[in-house]
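A.B. asks: Could you have a look at this structure, given as structure tokens, before my questions?
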Amino acid sequence: MDDFAGFDGFLGSRAPLVLDLLFLAMFGVVLVLAWSIYQVKYRHRYELHKRVQVILGVVLFVAVSIFEIDIQMHGWEDRATGVKGGTVTPWVSTALYVHLTFAVSSVLLWPVVIVRGLRNYPDPPRPDMHSIWHKRWGWIAAIDMGLTALTGWVFYWLAFVR
């Protein structure tokens, strides 16, 4: 799409490169998140879970930061409509707002769960008094991240594929 700023994606849609990368990366994030939860819940690998969650948090922070910079510089609406100055459909707008609800809550919730875990668990990590809070809010954060990914994929399809 030579008419639009930014690099073209590689998935055959109208999306920019950064959005294609984030679209695919979220599959990895969801799988690694599920694997990490499995490791702590069933294998009791607390240190591994801690390291994986910190790495996921850093990777997501960097990826979302790069994405936000790209979107602020180049926008997305022209690519979504395929026309300079085009207007997106109400379905696309609604999908974006639903996605942003989960994305913003994830951005706020994940660091809280990670930082509280780092501050309140002993080193090396093991179950203690903080576990009840961490388990409840960790599950909420994980579900929120899953819904962030799912709604992001729906938005991607509606805006850049359909």
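A.B. asks: Give the cross-link partners of Lys135 among the lysines, using a straight C-alpha distance below 19 Å as the criterion and excluding same-chain residues fewer than 8 apart.
C.D. replies: Filter leaves Lys41, Lys50.
A.B. asks: Relative to the present Cα-Cα distance, how much length would full extension add between Val64 and Leu24 at 0.36 nm per residue of separation?
C.D. replies: This chain segment gains 13.1 nm when fully extended.
A.B. asks: Stretched out fully, how many nm does the piece from Asp123 to Val32 gain, at 0.36 nm a residue minus the Cα gap?
C.D. replies: 30.5 nm
A.B. asks: What is the chain's relative contact order, in percent, from Cα pairs under 8 angstrom and six or more apart in sequence?
C.D. replies: Dividing the mean separation by the residue count of the chain yields 29 percent.
A.B. asks: Where in the stretch 30-73 is the amide nitrogen less than 17 Å from a point lying 7 Å along the Cα-to-Cβ axis of Ser131?
C.D. replies: 37-50
A.B. asks: Using a Förster distance of 35 Å, how high is the FRET efficiency between Thr87 and Leu11, based on the Cβ-Cβ distance and rounded to 0.05?
C.D. replies: 0.90
A.B. asks: Please list, in chain and number order, the residues 5+ apart from Asp8 or on another chain whose amide H is under 5 Å from its amide H, with Hs placed from the backbone.
C.D. replies: Leu17
A.B. asks: Follow-up question, since we're still on this one. Pick out, in residue order, every one of the trypsin sites (Lys or Arg not before Pro) in the stretch 16-53 that is DSSP loop and has at most 10 other C-beta atoms within 10 Å; say none if there are none.
C.D. replies: The qualifying sites are Arg43.
A.B. asks: Pop a pseudo-label 7 angstrom from the Cα along the beta-carbon direction at both Leu150 and Thr101 and give the gap in nm to one decimal.
C.D. replies: With each label placed 7 Å out from Cα toward Cβ, I get 1.3 nm.
A.B. asks: For the chain, modelled as a GNM with alpha-carbon contacts under 10 angstrom, which of Ser65, Ser13, Ser106 fluctuates the most?
C.D. replies: Most flexible of the set in this elastic network: Ser65.
Laboratory data are not the source of any read-out in this text; all were calculated from the coordinates shown. Note that the structure is a prediction, hence the values are computed from the model and not measured. Positions of Cβ are generated from backbone atoms using ideal geometry, with glycine treated the same way; all protein chains shown enter the neighbour counts.
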